[in-house]
1. For the stretch 143-197, enumerate the residues that are β-branched (Val, Ile, Thr) and closer than 21 Å to residue 210 by Cα.
2. Pick from the stretch 81-113 the residues that are part of a loop (DSSP other than H, G, I, E, B) and among the aliphatic types (A, V, I, L, M): which of them is least open to solvent (accessible area, probe 1.4 Å)?
3. Can you pull out every residue in the stretch 207-224 that is at pLDDT 90 or above and open to solvent by 20 Å² or more (accessible area, probe 1.4 Å)?
4. Only one residue in 277, 266, 253 is within 21 Å of residue 94 (Cβ to Cβ), out of contact with any Cys (no Cβ under 9 Å at 6 or more places or on another chain) and surrounded by fewer than 20 Cβ atoms within 10 Å (Cβ to Cβ), so which one is that?
5. Does residue 71 count as closer than 27 Å to residue 23 by Cβ, crowded, with 16+ Cβ neighbours inside 10 Å and in contact with a Pro (Cβ under 7 Å, 6 or more places away or on another chain)?
6. Going through the stretch 115-147 one residue at a time, which ones are within 20 Å of residue 80 (Cβ to Cβ) and of a type in the set (A, V, I, L, M)?
7. May I ask you to list the residues in the stretch 283-308 that are among the hydrophobic types (A, V, I, L, M, F, W, C), open to solvent by less than 30 Å² (accessible area, probe 1.4 Å) and closer than 14 Å to residue 8 by Cβ?
Amino acid sequence: MTTETITAAASGTWKLGDLEVNRLGFGAMRIPQNGAALRAAAVSGDRDRALAVLRRAVELGVNHIDTAAFYFSPLRSANELINSALGGPYPEDLVIATKVGPARRASGEWAEHAGPDGLRGQVEENLRQLGRDHLDLVNLRVSGIPGGSASVAERFGVLAELREAGLIRNLGVSNVTPEQLAEARSVAPVVCVQNPYGMGMRPDQDEFVRFCGEEGIAFVPFYSIATTGREGGASGTEGEELLAVARAHDASPAQVRLAWTLQRGPHVLAIPGTGNPDHLTANVAAAALRLTEAELTALDAVHRRTEEASA
(Lines give C-alpha, C1' and ligand atoms only; values in the text may rest on other atoms or scores of the structure.)
Protein backbone atom coordinates (compact mmCIF):
# COMPACT_ATOMS: atom_id res chain seq x y z
CA MET A 1 0.00 0.00 0.00
CA THR A 2 1.12 3.58 -0.64
CA THR A 3 2.36 5.11 2.60
CA GLU A 4 4.01 8.47 1.97
CA THR A 5 0.83 10.58 1.74
CA ILE A 6 -1.21 8.94 4.50
CA THR A 7 -1.51 10.69 7.85
CA ALA A 8 -2.82 9.63 11.23
CA ALA A 9 -6.01 11.57 10.53
CA ALA A 10 -7.14 8.65 8.36
CA SER A 11 -7.73 6.66 11.57
CA GLY A 12 -10.52 8.96 12.75
CA THR A 13 -10.65 10.70 16.11
CA TRP A 14 -11.65 10.05 19.72
CA LYS A 15 -11.80 12.29 22.76
CA LEU A 16 -9.62 11.52 25.76
CA GLY A 17 -11.73 13.48 28.18
CA ASP A 18 -11.85 16.93 26.64
CA LEU A 19 -8.87 16.35 24.33
CA GLU A 20 -9.47 15.09 20.79
CA VAL A 21 -6.80 12.88 19.26
CA ASN A 22 -6.29 10.89 16.09
CA ARG A 23 -6.82 7.22 16.90
CA LEU A 24 -3.41 6.25 15.49
CA GLY A 25 -0.83 7.53 17.97
CA PHE A 26 2.76 6.81 18.94
CA GLY A 27 4.34 4.91 21.83
CA ALA A 28 7.67 6.31 23.04
CA MET A 29 9.02 3.27 24.90
CA ARG A 30 11.52 2.27 22.21
CA ILE A 31 12.98 5.62 21.16
CA PRO A 32 15.59 5.96 23.94
CA GLN A 33 17.23 2.69 22.93
CA ASN A 34 17.02 2.58 19.16
CA GLY A 35 13.90 0.45 19.09
CA ALA A 36 15.16 -2.20 21.49
CA ALA A 37 13.23 -3.66 24.39
CA LEU A 38 13.00 -1.81 27.70
CA ARG A 39 15.66 -3.42 29.85
CA ALA A 40 18.53 -2.54 32.13
CA ALA A 41 21.22 -3.51 29.62
CA ALA A 42 19.72 -1.62 26.66
CA VAL A 43 22.16 0.38 24.56
CA SER A 44 21.20 4.02 24.05
CA GLY A 45 19.91 4.78 20.58
CA ASP A 46 21.00 7.55 18.25
CA ARG A 47 19.73 10.86 19.59
CA ASP A 48 19.34 12.65 16.26
CA ARG A 49 17.44 9.71 14.81
CA ALA A 50 15.09 9.61 17.79
CA LEU A 51 14.40 13.34 17.54
CA ALA A 52 13.75 12.98 13.81
CA VAL A 53 11.26 10.13 14.39
CA LEU A 54 9.31 12.21 16.91
CA ARG A 55 9.20 15.26 14.64
CA ARG A 56 8.18 13.12 11.68
CA ALA A 57 5.40 11.51 13.73
CA VAL A 58 3.87 14.93 14.35
CA GLU A 59 4.30 15.86 10.68
CA LEU A 60 2.33 12.71 9.85
CA GLY A 61 -0.58 13.83 12.01
CA VAL A 62 0.21 11.97 15.22
CA ASN A 63 -1.16 14.08 18.07
CA HIS A 64 -1.22 11.45 20.84
CA ILE A 65 2.11 10.31 22.27
CA ASP A 66 2.34 7.80 25.10
CA THR A 67 5.40 7.99 27.36
CA ALA A 68 6.67 7.51 30.92
CA ALA A 69 9.55 8.69 33.09
CA PHE A 70 10.69 5.06 33.36
CA TYR A 71 11.28 4.86 29.59
CA PHE A 72 15.02 5.43 29.53
CA SER A 73 18.37 3.88 28.59
CA PRO A 74 21.84 4.78 29.91
CA LEU A 75 22.02 8.04 27.92
CA ARG A 76 18.48 8.72 26.75
CA SER A 77 15.12 9.49 28.32
CA ALA A 78 11.93 9.31 26.26
CA ASN A 79 10.51 12.34 28.05
CA GLU A 80 13.65 14.40 27.46
CA LEU A 81 13.67 13.42 23.78
CA ILE A 82 10.01 14.43 23.44
CA ASN A 83 10.73 17.75 25.15
CA SER A 84 13.74 18.44 22.95
CA ALA A 85 12.02 17.44 19.71
CA LEU A 86 8.60 18.97 20.22
CA GLY A 87 8.68 21.40 23.16
CA GLY A 88 9.24 25.13 23.15
CA PRO A 89 6.35 25.34 22.52
CA TYR A 90 4.58 22.03 21.99
CA PRO A 91 2.00 21.87 19.16
CA GLU A 92 -1.34 23.05 20.51
CA ASP A 93 -3.16 19.85 19.54
CA LEU A 94 -0.52 17.44 20.87
CA VAL A 95 -1.71 15.26 23.75
CA ILE A 96 1.03 13.63 25.82
CA ALA A 97 -0.06 10.72 27.98
CA THR A 98 2.24 9.39 30.66
CA LYS A 99 1.97 6.76 33.34
CA VAL A 100 3.04 6.39 36.95
CA GLY A 101 3.36 3.50 39.36
CA PRO A 102 6.35 1.45 38.13
CA ALA A 103 9.79 2.66 39.16
CA ARG A 104 13.28 2.04 37.79
CA ARG A 105 16.59 2.77 39.44
CA ALA A 106 19.23 4.77 37.57
CA SER A 107 20.90 1.45 36.73
CA GLY A 108 17.78 0.46 34.81
CA GLU A 109 16.72 -2.22 37.27
CA TRP A 110 13.08 -2.27 38.28
CA ALA A 111 12.12 -1.26 41.80
CA GLU A 112 8.87 -1.68 43.71
CA HIS A 113 5.87 0.18 42.37
CA ALA A 114 5.33 3.56 43.97
CA GLY A 115 2.84 3.77 46.79
CA PRO A 116 0.69 6.82 47.49
CA ASP A 117 3.63 8.80 48.87
CA GLY A 118 5.76 8.20 45.78
CA LEU A 119 3.17 8.99 43.11
CA ARG A 120 3.32 12.75 43.57
CA GLY A 121 7.09 12.63 43.05
CA GLN A 122 6.62 10.62 39.85
CA VAL A 123 4.10 13.14 38.54
CA GLU A 124 6.49 15.99 39.34
CA GLU A 125 9.34 14.14 37.59
CA ASN A 126 7.24 13.78 34.44
CA LEU A 127 6.39 17.46 34.58
CA ARG A 128 10.07 18.38 34.91
CA GLN A 129 11.29 16.09 32.15
CA LEU A 130 8.58 17.14 29.71
CA GLY A 131 8.88 20.82 30.55
CA ARG A 132 5.16 21.16 31.24
CA ASP A 133 3.15 22.93 33.93
CA HIS A 134 0.49 20.21 33.73
CA LEU A 135 0.13 16.71 32.28
CA ASP A 136 -2.59 16.05 29.69
CA LEU A 137 -3.23 12.49 30.80
CA VAL A 138 -1.76 10.31 33.55
CA ASN A 139 -2.42 6.57 33.71
CA LEU A 140 -2.01 4.68 36.97
CA ARG A 141 -0.17 1.50 35.98
CA VAL A 142 -1.08 -1.33 38.31
CA SER A 143 1.55 -3.88 39.34
CA GLY A 144 1.41 -7.30 37.76
CA ILE A 145 -0.76 -8.46 34.87
CA PRO A 146 -4.53 -8.04 34.50
CA GLY A 147 -6.24 -10.51 36.76
CA GLY A 148 -4.71 -9.19 39.95
CA SER A 149 -6.86 -8.04 42.83
CA ALA A 150 -4.85 -5.13 44.24
CA SER A 151 -6.92 -2.18 45.34
CA VAL A 152 -6.32 1.00 43.34
CA ALA A 153 -8.51 3.42 45.31
CA GLU A 154 -5.82 4.96 47.54
CA ARG A 155 -3.25 5.43 44.78
CA PHE A 156 -5.83 6.67 42.27
CA GLY A 157 -7.05 9.07 44.93
CA VAL A 158 -3.60 10.68 45.01
CA LEU A 159 -3.81 11.32 41.27
CA ALA A 160 -7.36 12.63 41.66
CA GLU A 161 -6.06 15.17 44.18
CA LEU A 162 -3.34 16.25 41.75
CA ARG A 163 -6.00 16.61 39.08
CA GLU A 164 -8.01 18.87 41.37
CA ALA A 165 -4.84 20.89 41.97
CA GLY A 166 -4.44 21.46 38.22
CA LEU A 167 -1.29 19.35 37.71
CA ILE A 168 -3.17 16.69 35.72
CA ARG A 169 -5.94 17.22 33.18
CA ASN A 170 -7.26 13.68 32.68
CA LEU A 171 -6.82 10.30 34.36
CA GLY A 172 -6.62 6.75 33.11
CA VAL A 173 -5.68 3.29 34.35
CA SER A 174 -3.35 0.65 32.96
CA ASN A 175 -2.94 -3.10 33.36
CA VAL A 176 -6.23 -3.39 35.21
CA THR A 177 -9.22 -5.65 35.64
CA PRO A 178 -12.83 -4.50 35.18
CA GLU A 179 -13.15 -4.51 38.96
CA GLN A 180 -10.16 -2.19 39.34
CA LEU A 181 -11.59 0.12 36.67
CA ALA A 182 -14.86 0.28 38.60
CA GLU A 183 -12.97 1.09 41.79
CA ALA A 184 -11.02 3.87 40.08
CA ARG A 185 -14.20 5.34 38.59
CA SER A 186 -15.71 5.54 42.06
CA VAL A 187 -12.88 7.93 42.93
CA ALA A 188 -12.61 10.11 39.80
CA PRO A 189 -13.50 10.06 36.07
CA VAL A 190 -11.45 7.63 33.96
CA VAL A 191 -10.96 8.51 30.29
CA CYS A 192 -8.94 5.47 29.14
CA VAL A 193 -7.83 1.94 29.89
CA GLN A 194 -4.38 0.74 28.77
CA ASN A 195 -4.09 -3.04 28.74
CA PRO A 196 -2.03 -5.54 26.73
CA TYR A 197 -4.19 -6.64 23.81
CA GLY A 198 -3.91 -7.52 20.15
CA MET A 199 -4.82 -10.12 17.58
CA GLY A 200 -4.10 -13.45 19.24
CA MET A 201 -3.29 -11.81 22.58
CA ARG A 202 -5.70 -11.76 25.51
CA PRO A 203 -8.95 -12.67 23.71
CA ASP A 204 -10.40 -12.83 27.22
CA GLN A 205 -10.24 -9.02 27.10
CA ASP A 206 -12.80 -8.79 24.26
CA GLU A 207 -15.74 -8.19 26.59
CA PHE A 208 -13.74 -5.58 28.54
CA VAL A 209 -12.95 -3.78 25.26
CA ARG A 210 -16.66 -3.72 24.39
CA PHE A 211 -17.61 -2.53 27.87
CA CYS A 212 -15.21 0.41 27.65
CA GLY A 213 -16.81 1.45 24.37
CA GLU A 214 -20.28 1.30 25.89
CA GLU A 215 -19.09 3.52 28.74
CA GLY A 216 -17.35 6.03 26.43
CA ILE A 217 -13.91 5.07 27.75
CA ALA A 218 -11.01 4.80 25.32
CA PHE A 219 -9.29 1.41 25.18
CA VAL A 220 -5.59 1.88 24.37
CA PRO A 221 -3.91 -1.50 23.87
CA PHE A 222 -0.18 -1.93 24.14
CA TYR A 223 1.72 -4.76 22.42
CA SER A 224 -0.88 -4.69 19.62
CA ILE A 225 1.89 -5.53 17.10
CA ALA A 226 4.31 -7.49 19.30
CA THR A 227 1.45 -9.30 21.12
CA THR A 228 2.94 -12.24 23.02
CA GLY A 229 6.44 -11.06 22.09
CA ARG A 230 5.74 -8.16 24.46
CA GLU A 231 8.83 -5.97 25.05
CA GLY A 232 10.94 -8.25 22.89
CA GLY A 233 8.94 -7.29 19.81
CA ALA A 234 7.10 -9.23 17.13
CA SER A 235 8.26 -12.78 16.45
CA GLY A 236 8.23 -12.38 12.67
CA THR A 237 6.27 -15.62 12.31
CA GLU A 238 2.71 -15.17 11.06
CA GLY A 239 -0.08 -17.58 10.14
CA GLU A 240 -1.35 -17.99 6.60
CA GLU A 241 -4.69 -16.28 7.34
CA LEU A 242 -2.99 -13.05 8.35
CA LEU A 243 -0.45 -13.26 5.51
CA ALA A 244 -3.25 -13.71 2.98
CA VAL A 245 -4.96 -10.53 4.19
CA ALA A 246 -1.66 -8.66 4.06
CA ARG A 247 -1.05 -9.78 0.46
CA ALA A 248 -4.56 -8.74 -0.57
CA HIS A 249 -3.88 -5.18 0.61
CA ASP A 250 -0.19 -5.05 -0.37
CA ALA A 251 0.41 -4.42 3.33
CA SER A 252 2.70 -5.79 6.02
CA PRO A 253 1.47 -8.11 8.79
CA ALA A 254 2.14 -5.31 11.29
CA GLN A 255 -0.13 -2.96 9.32
CA VAL A 256 -2.87 -5.59 9.28
CA ARG A 257 -2.53 -6.05 13.04
CA LEU A 258 -2.89 -2.31 13.57
CA ALA A 259 -5.90 -2.11 11.24
CA TRP A 260 -7.55 -5.01 13.06
CA THR A 261 -6.92 -3.25 16.38
CA LEU A 262 -8.48 0.00 15.20
CA GLN A 263 -11.51 -1.82 13.80
CA ARG A 264 -12.33 -3.32 17.21
CA GLY A 265 -14.32 -0.16 17.87
CA PRO A 266 -14.26 3.63 17.41
CA HIS A 267 -13.04 3.98 21.00
CA VAL A 268 -9.96 1.79 20.44
CA LEU A 269 -6.72 3.72 19.93
CA ALA A 270 -3.34 2.41 18.77
CA ILE A 271 0.06 3.53 20.06
CA PRO A 272 2.66 1.55 18.07
CA GLY A 273 6.22 2.50 18.95
CA THR A 274 9.40 2.44 16.92
CA GLY A 275 12.77 4.11 16.62
CA ASN A 276 12.85 3.45 12.87
CA PRO A 277 11.57 6.22 10.57
CA ASP A 278 10.48 3.75 7.87
CA HIS A 279 8.52 1.69 10.39
CA LEU A 280 6.91 4.90 11.63
CA THR A 281 5.66 5.78 8.15
CA ALA A 282 4.31 2.25 7.67
CA ASN A 283 2.59 2.27 11.06
CA VAL A 284 0.87 5.58 10.35
CA ALA A 285 -0.23 4.32 6.93
CA ALA A 286 -2.15 1.54 8.68
CA ALA A 287 -4.59 4.27 9.71
CA ALA A 288 -6.06 4.11 6.20
CA LEU A 289 -6.25 0.32 5.91
CA ARG A 290 -9.84 -0.94 6.01
CA LEU A 291 -10.40 -4.66 6.37
CA THR A 292 -13.50 -6.29 4.87
CA GLU A 293 -16.07 -8.11 6.95
CA ALA A 294 -14.83 -11.43 5.56
CA GLU A 295 -11.25 -10.56 6.47
CA LEU A 296 -12.27 -9.49 9.96
CA THR A 297 -14.14 -12.75 10.43
CA ALA A 298 -11.06 -14.74 9.42
CA LEU A 299 -8.76 -12.72 11.66
CA ASP A 300 -11.17 -12.88 14.59
CA ALA A 301 -10.93 -16.65 14.34
CA VAL A 302 -7.13 -16.35 14.55
CA HIS A 303 -7.56 -14.12 17.57
CA ARG A 304 -9.89 -16.54 19.40
CA ARG A 305 -7.72 -19.53 18.58
CA THR A 306 -5.29 -18.42 21.29
CA GLU A 307 -7.97 -18.80 23.93
CA GLU A 308 -9.11 -22.15 22.54
CA ALA A 309 -5.53 -23.46 22.46
CA SER A 310 -5.02 -22.63 26.13
CA ALA A 311 -8.37 -24.02 27.25
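1. Once the filter is applied, which keeps residues that are β-branched (Val, Ile, Thr) and closer than 21 Å to residue 210 by Cα, the stretch 143-197 yields 145, 173, 176, 177, 190, 191, 193.
2. Only one residue tops the list, namely 94.
3. Answer for the stretch 207-224, where residues must be at pLDDT 90 or above and open to solvent by 20 Å² or more (accessible area, probe 1.4 Å): 207, 210, 211, 213, 214, 215, 216, 222.
4. That would be 277, the only listed residue that is within 21 Å of residue 94 (Cβ to Cβ), out of contact with any Cys (no Cβ under 9 Å at 6 or more places or on another chain) and surrounded by fewer than 20 Cβ atoms within 10 Å (Cβ to Cβ).
5. Against the criterion (closer than 27 Å to residue 23 by Cβ, crowded, with 16+ Cβ neighbours inside 10 Å and in contact with a Pro (Cβ under 7 Å, 6 or more places away or on another chain)), residue 71 qualifies.
6. Matches in the stretch 115-147: 123, 127, 130, 135, 137, 138.
7. Once the filter is applied, which keeps residues that are among the hydrophobic types (A, V, I, L, M, F, W, C), open to solvent by less than 30 Å² (accessible area, probe 1.4 Å) and closer than 14 Å to residue 8 by Cβ, the stretch 283-308 yields 284, 285, 286, 287, 289.
A quick yes/no check of all residues on (1) in contact with a strand residue (DSSP E or B) (Cβ under 7 Å, 6 or more places away or on another chain); (2) closer than 24 Å to residue 264 by Cα:
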residue: 116; (1), (2): no, no
residue: 127; (1), (2): yes, no
residue: 152; (1), (2): yes, no
residue: 164; (1), (2): no, no
residue: 169; (1), (2): yes, no
residue: 173; (1), (2): yes, yes
residue: 177; (1), (2): no, yes
residue: 186; (1), (2): no, no
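The values are calculated or read from the model by the stated rules, or taken from the named source; none is laboratory data. Since the structure is predicted, the reported quantities are computational estimates derived from the model, not experimental observations. Cβ sites come from the backbone with ideal geometry, for glycine too, and all protein chains shown count toward neighbours. Heavy atoms of the whole protein, side chains included, go into the accessibility calculation; ligands, DNA and RNA do not. Shrake-Rupley method; radii C 1.70, N 1.55, O 1.52, S 1.80 Å.
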